[in-house]
Amino acid sequence: MRFKIALIATGAIAFVTIPASAAVKTMPKTTQFCPSWAEAHERSLASINGGRLPFKTDWKGCILVLRGQKADVVGSDADQTEIIVKGKHWFADEGLF
């Protein structure tokens, strides 16, 4: 029982500190961000294939973050970027920073 409480407390602390570790940066270009990296990746693949997906899927919807807009950048590498906008995590299938 104590282990479960400790695990929940650790998870809650980690969840609260993730946004605190984000750095506010200005977007270098207009980019589409999706609610998951998988959706961002599938949309990138579809754009290469003329907008057609290789299989049927239900997308949750993405947002367009305009060049010059500020966002909390949680992480960015060569393959993906994760930001926080209005308290929600968004992912892009490209490294921006």
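A short reminder: the numbers here are calculations on the coordinates, not readings from a lab. Because the structure is a prediction, the values reported are computed rather than measured. Neighbour counts run over all protein chains shown; Cβ positions are idealised from the backbone, glycine included.
Annotation: lysines with alpha-carbon distance below 28 angstrom to Lys56 (same-chain offsets under eight excluded): Lys88. Per the Cα gyration tensor, the stretch 23-92 maps to an equivalent ellipsoid with semi-axes of 23, 12, 11 Å, ordered largest to smallest. The aspartates and glutamates within cross-link reach of Lys60, meaning a Cα-to-Cα straight distance under 13 Å and a gap of 8 or more places when in the same chain, are Glu39, Glu42. The simple Förster model, with R0 at 35 Å and r as the Cβ-Cβ distance, assigns Arg52 and Thr30 a FRET efficiency of 0.90.
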